[in-house]
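For reference, the structure discussed in these notes is given below.
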Amino acid sequence: MAYYYTEPSRTFSEYLLLPNLTSKDCNPGNVSLKTPIVKFKKGEKPEVALNIPFSSAVMQAVSDHNMAVALARCGGISFIFGSQPVEEQADMVRKVKGHKAGFVVSRSNLTPQHTLKDVLELKERTGHSTVAITDDGTPTGKLLGIVTSRDYRISRDPQDKLVGQFMTPFSSLIYGKSGSTLSEANDLIWEHKLNCLPIVGAEQNLEYLVFRKDYDAHKENPYELLDGNKSYIVGAGINTKDYAERVPALVAAGVDVLVIDSSDGYTEWQRETIEYVKTNFPKAKIGAGNVVDREGFLYLVESGADFIKVGIGGGSICITREQKGIGRGQASAVMEVAAARDDYFRETGIYVPICSDGGIVHDYHITLALAMGADFVMMGRYFARFDESPTRKLKVGNNFVKEFWGEGSNRARNWQRYDTGGKQSLVFEEGVDSYVSYAGSLQENMEKTIHKIKSTMCNCGSLSIEELQQKARITLVSATSIVEGGAHDVILKENSLSGE
Ligand code: IMP
């Protein structure tokens with residue numbers, strides 16, 4: 001006979017935290033968000049830990065090398081999407097590992113044959129006010145000039161004026177030589193009062209741009225997630241089909257943490273994949289999932305996984321529950337798996353971190369996930385909204401949006417993610433193609449989110465995630481108390497009629 005769960009499965013929005021006593025030393029400046037990402041023995045330290053409990057989703061619309069650099073700079077980790085050819089994914093990993101903090105590959109490029117109109121359109125689309133002019137319009141072409149807003153006057157210059165006529169030509173540019181250090185580049189920026197310094201190779205090819213603001217940001221970032229060689233830490237998604245080809249390439253590229261990306265991880269294919277990785281690359285770290293209960297957790301842990309990802313059907317672009325009728329409310333899934341993780345730790349002395357993946361809508365959901373036992377969260381929609389995500393920024397009406405599509409949508413066609421065996425195609429979709437509201441830069445948004453988490457932790461009398469997990473008091477909320485929790489029984493000024 002089928003087994004019935006008598007309790008409904010619950011989502012984060014059905015819970016709130018209760019405050020504990022806040023001592024005077026408990027202020028956001030004293031809170032640490034450091035958290036393990038791979039398993040470790042009692043009394044030992046994990047080999048890889050995050051400085052903030054955030055990871056970006058294994059998705060085409062979220063995690064490329066640019067996102068990975070931006071997130072590692074703030075203390076979290078990206079898992080570069082696996083639904084691309086092996087070499088292209090390995091190349092992205094190499095770019096992150098080879099990235100020199102403060103040196104960016106130019107993302108806005110044109111040729112001298114483009115026009116002022118092209119410059120203005122590019123600026124509108126990307127928000128970048130510095131455009132590199134190269135012979136072929138690529139970020140590594142021969143550098144012929146730079147255009148900034150100081151080079152043209154929108155009111156006077158005709159829109160069809162050629163870039164070659166108004167750019168600051170290479171002969172007038174101050175540039176740094178290939179191999180310059182950040183502090184050498186910074187000296188030139190200060191000496192010549194520049195906002196941006198191009199770094200140029202032997203053939204006059206553009207290598208990087210160094211921005212004054214990035215240098216400042218770099219200096220100001222205490223959370224950077226670096227390995228022993230001072231390279232950013234980066235993850236990558238793999239699947240249970242082509243791992244024998246993909247894993248060696250990713251390991252050779254220097255990946256720090258692998259994760260098997262799948263909507264349902266409680267499968268023999270995942271066990272085989274973990275066994276392959278552990279046998280052939282004993283030092284490699286690999287997470288597995290997704291699971292939503294104790295059985296799934298134990299199966300993957302006993303298969304050798306270094307961390308476990310939790311969640312089925314809660315993702316913002318996910319229609320798995322509608323299409324297949326499987327899944328579980330994210331809060332219930334996290335609570336059950338966290339309890340299994342704690343039991344396993346008591347019995348074996350091995351702590352296996354868990355990641356709550358999908359369904360984070362409000363910042364406080366992150367704090368709740370941590371309080372319920374997650375060691376870190378994975379988010380897609382949250383990161384897709386930022387400048388650093390790899391998708392197009394578009395204007396819809398008066399608002400800017402960014403594109404965001406599921407890995408199980410026809411757009412991504414990531415059939416390897418679905419462990420159904422046999423058929424090498426997506427027979428039906430488990431995700432949608434959508435827009436999210438554009439929100440600006442990752443760093444600015446994350447600073448706010450992190451501050452909210454830290455101040456809530458202080459309300460709960462906790463200076464670390466571990467302490468929050470032990471002390472948190474969590475209550476279910478009724479539908480009517482959710483209404484009470486928002487602004488109510490007032491006329492909001494922004495919605496009221498003007499002039500009457
Ligand atoms: P979000 O943070 O709510 O946007 O959820 C992101 C998560 O949704 C990812 O980390 C995946 O676990 C999951 N996901 C990504 N693409 C799909 C899809 O097409 N169908 C179902 N789930 C997906």
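The values are calculated or read from the model by the stated rules, or taken from the named source; none is laboratory data. These numbers come from a predicted model, not from an experiment. Here the Cβ is made from the backbone with ideal geometry for all residues, glycine too, and neighbour counts use every protein chain on show. Remember, those area values only see protein heavy atoms, side chains included, never the ligands or the DNA or RNA. Shrake-Rupley method; radii C 1.70, N 1.55, O 1.52, S 1.80 Å.
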Round to the nearest 0.05 the FRET efficiency obtained for ARG107 and ALA339 when R0 = 45 Å and r is the Cβ-Cβ distance. 0.50
Pair ASP136, SER478: separation of 7 Å Cα→Cβ label points (nm): 6.8 nm
Heavy-atom accessible surface of the chain: percent carbon and sulfur, 1.4 Å: 50 percent
Relative to the chain, whose Cα atoms define the longest principal axis, helix 243-253 and its Cα axis are tilted in degrees, nearest 10, by 50 degrees
Can you give the FRET efficiency for ASP187 and THR6, using 1/(1 + (r/R0)^6), R0 = 41 Å, r = Cβ-Cβ distance, to the nearest 0.05? 0.05
Accessible area of TYR438 in the full protein assembly, 1.4 Å probe (Å², nearest 10): 70 Å²
Stretchable slack from LYS395 to ALA244, in nm (0.36 nm times residue separation minus alpha-carbon distance): 50.1 nm
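Could you work out the helix-only [θ] at 222 nm for the chain, with each DSSP H run of four or more residues adding -39,500 (n - 2.57) and the total divided by the number of residues, to the nearest 500 deg cm²/dmol? The partial results should precede the final answer.
Values: 16 runs with 158 residues, N = 500.
Estimated from H runs of four or more residues: -9000 deg cm²/dmol.
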Working out 0.36 nm times the residue gap between ARG294 and SER171, then minus their Cα-Cα distance, what length gain in nm do you get to one decimal? 37.7 nm
Accessible area expressed per residue, the chain, with surrounding protein chains retained (probe 1.4 Å, Å²): 48 Å²
Using the alpha-carbon atoms, what tilt in degrees (0 to 90, nearest 10) does helix 330-348 show relative to the longest principal axis of the chain? 70 degrees
Relative contact order %, the range 179-332, counting alpha carbon pairs below 8 Å whose residues are six or more apart: 13 percent
Pair LYS161, GLU444: separation of 7 Å Cα→Cβ label points (nm): 2.9 nm
Past 19 Å, Cα to Cα, is the threshold; run LYS241/LYS278; LYS402/LYS454; LYS39/LYS278 against it and keep the listed order. LYS402/LYS454
Packing-based order for 67-73, 205-211, using average beta carbon neighbours within 10 Å, highest first: 67-73, 205-211
As I understand it, the dipole of the chain uses +1 on the Cβ of Lys and Arg and -1 on the Cβ of Asp and Glu, about the Cα centre. Which of THR279, LEU188, ASN399 lies farthest toward its positive end? LEU188
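Where does the charge balance sit around ARG246 when Lys and Arg score +1, Asp and Glu -1, over other residues with C-beta under 12 Å from its C-beta?
Numbers: positive: LYS241; negative: GLU87, GLU88, ASP242, GLU245, ASP261.
My count for the surroundings of ARG246 gives -4.
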From the square roots a ≥ b ≥ c of the eigenvalues of the alpha-carbon gyration tensor of the range 437-500, which class results: rounded (a/c under 1.5), prolate (a/b over b/c), or oblate? oblate
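Could you work out the relative contact order of the chain? I mean the mean sequence separation of Cα pairs under 8 Å and 6+ apart, divided by the number of residues, in percent.
Values: 1025 pairs, mean separation 103.4, N = 500.
With pairs under 8 Å counted, the relative contact order is 21 percent.
Counting other Cβ atoms within 10 Å, which trypsin sites (Lys or Arg not before Pro) in the range 1-34 have at most 12 and lie in a DSSP loop?
Those that pass, being in a loop and sparsely packed, are LYS24.
Give, rounded to the nearest 20 debye, the magnitude of the charge dipole that the range 430-485 has about its Cα centre when Lys and Arg contribute +1 at Cβ and Asp and Glu contribute -1 at Cβ. List each step's numbers first, then the result.
Working: 5 positive and 7 negative charges, 66 e Å.
Magnitude of the dipole: close to 320 debye.
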Write down the radius of gyration of the range 324-374 and its Dmax, each obtained from C-alpha positions, in Å. 12.1, 37
